[in-house]
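Notes to accompany the following structure.
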Amino acid sequence: MRAILVDRPDGTATVREIDEAPLPTEYDCRVAIEYGTICAGTDNHILHGRLPWEMPYPLVLGHESVGRVVSVGAKVRNQKVGDLVARVGCAPAADKSWDIGWGGFAEFGFCRDWRAMEADGVAKSEWDAYRINQVIPADIPAESGPLFITLRETLSYTKRLGIGEGTKLLIVGSGGNALAFVAHAKRLGAAQIVVIGSAAREDVFREAGATGYVNYKALSEITERFDRVIDTVGKESSSDDILPFLADGATLGIYGLDDWEKLVLRPARTTATFTIYQGSYDEPETHDEIVEGLREGIYQRTWWTGEAIFTLNTFEQALAAIESRELIKPLIRINVVSGAA
């Protein structure tokens, strides 16, 4: 099968033929991985070696992919041939010649019937991470499937952060996660949703629900204070720079990873007493809500991907679109297959 491999963190990736690894367990399904999106955060950090933890290079890239079930293992009971499943990837090479950065950019991979494992009394440690493998209903277009990863995790984070009716929210950043937070906040009834970002992306953010937009070079234009703040960038000073805009009793969530181990917060920059949110999110818990949001038009795929659809053959063009910030999340058609194996 073909896959996108990153040999070393030098910013490049190549499409190569590799052997498909066998299914890890009898609870697994073989899937044809149909679509994936390139994440300007995690995927780009893997390409450049900027994650705050070690990655096992060489690796198959991709963590925002969906796959169509083409065969099922002997113990699978909750997934069937033809199902589209979220958050799939390939297994590492049997001979350990390559590993995975979640392995979503490969023609074939697997998903796990974690519900069957739970029902059969298998240790939670064997299936808990695979709760991300949930079926996407047939009325949701497959090309929208990769958005489930971003939308599920950010909606979980949004709700756990306490954003709801009447919230005054400030968002730092204008990437894919920031755009998702805007759409969620609008859905949940936030009173104000102000974004600090690149001027080039103001239109799409306002379409998604932003009530205000400030160029990141013009922070002096902000005159209000906010009770919830999300930093989707995580640069060394990006949270520090917005401390003056926190209301007393505010909660600050630092979602970005860019300079995770170098973050600076200088309390003297604010007179407010505030809390730093130290929780995380549970991506699978919001699956059904994202299904309904896509059905209702709350989330429009093209806000993130634009109209272009790339392929493995044009993957380098997709990478260039990320580097130039032309697109927020380039959409890759990987392997659209119907029928059973």
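Below is a table of values for the structure above.
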{"quantity": "Estimated FRET transfer efficiency (Lys80, Leu219; beta-carbon r; R0 41 Å; 0.05)", "calculated": "0.20"}
{"quantity": "Gain upon complete extension [Asp19, Arg325; 0.36 nm per residue less C-alpha separation]", "calculated": "106.8 nm"}
{"quantity": "Beta bridges per DSSP with both ends in the chain, % antiparallel, nearest 5", "calculated": "50 percent"}
{"quantity": "Point-charge dipole on Cβ atoms (K/R +1, D/E -1) for the range 115-206, about Cα centre, debye to 20", "calculated": "380 debye"}
{"quantity": "Unit charges on C-beta of K, R, D, E only; dipole of the range 243-340, Debye", "calculated": "320 debye"}
{"quantity": "DSSP-assigned coil residues among GluC sites (Glu not before Pro) in the range 215-252, each with at most 16 further Cβ atoms within 10 Å", "calculated": "Glu224, Glu236"}
{"quantity": "Mean accessible surface per residue for the range 229-341, computed with a 1.4 Å probe while every protein chain stays in place, in Å²", "calculated": "50 Å²"}
{"quantity": "FRET efficiency, 1/(1 + (r/R0)^6) with R0 30 Å, evaluated for Glu118 and Arg333 via beta carbons", "calculated": "0.35"}
{"quantity": "Accessible surface of Ile140 - all protein chains present, 1.4 Å probe, nearest 10 Å²", "calculated": "10 Å²"}
{"quantity": "28 Å Cα-Cα threshold exceeded, pairs from Lys124/Lys159; Lys75/Lys159; Lys168/Lys217; Lys168/Lys235; Lys186/Lys262; Lys186/Lys217", "calculated": "Lys75/Lys159; Lys186/Lys262"}
{"quantity": "Cα principal axis extents for the range 286-341, largest first, Å", "calculated": "37, 34, 18"}
{"quantity": "5 Å binning of all Cα-Cα separations within the range 185-341, expressed as whole percents from 0 upward", "calculated": "2, 7, 12, 16, 19, 17, 13, 7, 4, 2, 1, 1, 0"}
{"quantity": "Extension gain from Asp7 to Trp260, taking 0.36 nm per residue of separation minus the Cα-Cα distance", "calculated": "88.7 nm"}
{"quantity": "Separation in nanometres of the label points that stand 7 Å from Cα toward Cβ, at Trp53 and Leu188", "calculated": "2.4 nm"}
{"quantity": "Charge-dipole axis of the chain as Lys and Arg at +1 and Asp and Glu at -1 on Cβ define it, positive-most pick from Gly197, Gly67, Gly121", "calculated": "Gly197"}
{"quantity": "Loop-located GluC sites (Glu not before Pro) in the range 110-207 whose Cβ has at most 16 other Cβ within 10 Å (DSSP)", "calculated": "Glu165"}
{"quantity": "Net charge dipole size for the chain [Lys, Arg +1 and Asp, Glu -1 on Cβ; Debye, nearest 20]", "calculated": "400 debye"}
{"quantity": "Where trypsin sites (Lys or Arg not before Pro) in DSSP loops with at most 14 other Cβ within 10 Å are excluded, longest remaining stretch of the chain", "calculated": "97-216"}
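The values are calculated or read from the model by the stated rules, or taken from the named source; none is laboratory data. This one's a predicted model, so the numbers in the text were calculated from it and none came from an experiment. Please note: Cβ atoms are built from the backbone with ideal geometry, for glycine as well, and neighbour counts cover all protein chains shown. Only protein heavy atoms, including side chains, enter the accessible area calculation; ligands, DNA and RNA are left aside. Shrake-Rupley method; radii C 1.70, N 1.55, O 1.52, S 1.80 Å.
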